[in-house]
1. Taking Cα atoms, how many degrees apart are the long axis of helix 306-319 and the longest axis of the chain, rounded to 10 and kept between 0 and 90?
2. Using the charge dipole of the range 3-404 (Lys, Arg: +1 at Cβ; Asp, Glu: -1 at Cβ; taken about the Cα centre), state which of W103, S404, A181 has its Cα farthest towards the positive end.
3. Would you mind classifying the range 82-173 by shape? Square roots of the alpha carbon gyration tensor eigenvalues, ordered a ≥ b ≥ c; an a/c under 1.5 is rounded, otherwise it is prolate if a/b is larger than b/c and oblate if not.
4. Under a Cβ-Cβ cut-off of 9 Å, what is the net charge of the residues other than S319 that fall near it, where Lys and Arg count +1 and Asp and Glu count -1?
5. How long, wide and thick is the range 256-405, going by the Cα atoms along their three principal axes, in whole angstroms, largest first?
6. Would you mind calculating the relative contact order of the range 136-232 from Cα pairs under 8 angstrom and at least 6 residues apart, reporting the percent as a whole number?
7. What nm distance separates the two modelled labels at S24 and L344, each placed 7 Å from Cα along Cα→Cβ?
8. At a threshold of 8 angstrom on Cα-Cα distance, excluding pairs fewer than six apart, so keeping six or more, what relative contact order does the range 3-404 reach in percent?
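None of the figures in this text is laboratory data; all of them are computed from the coordinates on show. What you are looking at is a predicted structure, and each value in this text was computed from that prediction instead of being measured. Positions of Cβ are generated from backbone atoms using ideal geometry, with glycine treated the same way; all protein chains shown enter the neighbour counts.
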Amino acid sequence: MTSSAEGFQVTPQATLSIRGDAWSGSRQRDDVTGIAQASAWANGKLRIEDYGLLTFDGWARGQTKQQDGPHDAISPAARIRELYWRQSLGSFDVKLGRLMTAWGRADGINPTDKLSAKDFTLLVPDDTDQRSGNDGMEVSKDTNVGRFSWLWFAHAVSDIIPLTLDRPGVSYRVEAPPKQAQWGFKWDTNGEGMDGSLSYFEGFDPNPSIRLDQVSITGATIGLFHQPIRMLGGDISINRLGAIWRGEIAATRPMDDADTPYFRSNPQVFAVFGGEFTPVARTTLSLQAVAKRVYGFVSPDALTDPIEREVAWSQAANSGQTAGFQKGLTLRYASRWLNDTLALEASGLILWPSRNGTWRTRLNYSLTDQCSLLLGTDAYFGRQDTSFGQLKPNRLWYLQIRYSV
């Protein structure tokens, strides 16, 4: 639809998704079960001739049961994920507002992805729906050697992570993200059958670190805070030999000083590489190798105090730093049948030496062009002191009906 008055032309575009869900449990590592949820997801664009493009993405929801815990550790009832104005100023492309920036070309695991936050407790089938934006500006320019982008954000953002809040005597102190500016720089290039980028970020890790703030006769207080970091990364995607090969690597270094290696993230190099294949028609198979080298890692088992040791292992698991060197494999299988009305997807990840991981399945059936039915499961395995083993209480199944207009 387009409207105009005296040469002033407005072109709106919008989509709306209405969803009804049933979930067997929460993603907060608690005892909440049997959750019903209704939500509305909307996104749209409003193009104003000669004045740029306004982009919006947001959602609102209601559910039958709420988890307990600190306000900052609970999913909100509504969120504006993205709201920005975009305009070309000469040879520069400018975005201003709330930006939902995602870096990385690897399949599902992106070591360079540090610019926007995720809500890991949100009850959504799609991981991309966990993402939300940050307030700032992006200035880009296309050149003969690629596209250069500079990003500035007014403040830090925080992931929402599941907390073990139902344990007697344990409370959490969740620090707000620092009100300090962050910035990043990215160079994208492409050629025949390939594209890649180099990136740099300086700001705060959106994934909070965990520390033991206080111990008394009445219990323990655990603090969540954000470390300042520098990250240098790169990624590449190549279409060769009938497959798409993707690689991504990031070197991350905290910029703060700490007296202990246990209650903070350590410097690391994190790499992912693999290929996506099409063995038969309407079927995709993706395999990736994962490797992470953590510098300065010291096992929390060296701590003699049991409370300190448990909190230190919780921090190691949350940061994905449970060993000095970790390796793993990811697998994703997707297939479509019945004239593309039925889609099956299964994906998994396993990490060594801690032998923990996850396995997820999803079945999507299109009832009509606008209405679809989705059934899925999330499963986790491993020891309690590992990244995925700590999430075993979050094993669940879900059923969703979605109507899009």
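1. Computed tilt is about 20 degrees.
2. Highest projection toward the positive end goes to S404.
3. It is prolate, given that a/c is not under 1.5 and a/b is the larger ratio.
4. Its environment carries a net charge of 0.
5. For the range 256-405, the Cα spread along each principal axis is 59, 30, 27 Å.
6. 28 percent
7. With each label point 7 Å from Cα toward Cβ, the separation is 1.9 nm.
8. Relative CO of the range 3-404 lands at 12 percent.
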